[in-house]
């Protein structure tokens with residue numbers, strides 16, 4: 001009779017081996033993992049804060065450059081309209097019959113300035129404005145809000161100056177001066193924002 005075959009295959013390992021747990025080692029490993037996670041979060045937060053500061057600084061630089069350019073355009077517009085109104089009053093008799101504003105001697109056009117708001121809109125889209133201190137973002141928003149209002153004034157009063165309806169000379173000169181005053185007010189708003197420490 002033959003002997004039963006002996007199973008020479010290695011014994012199967014259990015899926016889970018039960019081993020005694022060393023609580024000291026477990027605590028050390030847990031603390032190391034927690035510290036690693038906290039350290040990674042801190043580095044990530046520092047990097048995000050640095051990136052936000054760079055975004056805000058870049059946005060402010062662009063906005064200041066845009067505001068400075070708009071201020072020069074507004075001042076040029078103010079000077080032009082004041083000079084035009086003075087020339088119209090000087091070169092025409094006071095009792096002359098009404099005529100379209102563009103028909104008076106001394107008329108040289110409204111020359112409405114092109115006021116930009118590209119940097120402001122980019123600051124909104126990139127959320128740079130939202131990352132600025134509230135007071136600073138509010139001042140910037142107020143200036144650009146004033147710019148939009150003055151642009152509407154340009155449209156309304158400019159349409160009066162450019163239509164073909166006959167008007168008295170004082171009316172035409174008065175509208176030109178009102179437009180000039182609007183540009184001067186806007187330039188003053190710009191100047192406040194361009195100061196190193198803007199007033200609230």
Only helical DSSP H runs with n ≥ 4 go in: add -39500 (n - 2.57) per run for the chain, normalise by residue count and round the 222 nm mean residue ellipticity to 500 deg cm²/dmol.
-24000 deg cm²/dmol
Return a whole-number percent for the relative contact order of the chain, with Cα pairs under 8 Å and 6 or more residues apart as the contact set.
31 percent
Radius of gyration and Dmax for the stretch 27-185's Cα atoms, expressed in Å?
26.1, 99
To test your reading of the geometry: what angle, between 0 and 90 degrees and rounded to tens, separates the Cα axis of helix 134-162 from the longest principal axis of the chain?
30 degrees
Computed FRET value (nearest 0.05) for residue 195 with residue 58, which takes r as the C-beta separation and R₀ as 22 Å
0.60
Can you tell me the orientation of helix 23-91 relative to the chain, as the angle in degrees between its alpha-carbon axis and the longest Cα principal axis, to the nearest 10?
10 degrees
Would you mind classifying the stretch 139-185 by shape? Square roots of the alpha carbon gyration tensor eigenvalues, ordered a ≥ b ≥ c; an a/c under 1.5 is rounded, otherwise it is prolate if a/b is larger than b/c and oblate if not.
oblate
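Quick one: length gained pulling residue 96 to residue 156 fully straight, 0.36 nm per residue minus the C-alpha distance?
Roughly 19.1 nm would be gained on extension.
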Contour minus end-to-end for residue 22 and residue 50, with contour as 0.36 nm per residue of separation and end-to-end as the Cα-Cα distance?
5.9 nm
For the chain, set up a GNM with springs between Cα atoms under 10 Å and report which of 43, 67, 35 has the largest fluctuation.
35
Express in nm, to one decimal, how much length is gained between residue 38 and residue 76 on full extension, taking 0.36 nm for each residue of separation and deducting their alpha carbon distance.
8.0 nm
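The numbers here are math on the coordinates, done by the rules we state, and not lab data. Worth saying up front: this structure is predicted, and the values here are computed from it rather than measured. Every residue, glycine among them, receives a Cβ derived from its backbone with ideal geometry; neighbour counts consider all protein chains shown.
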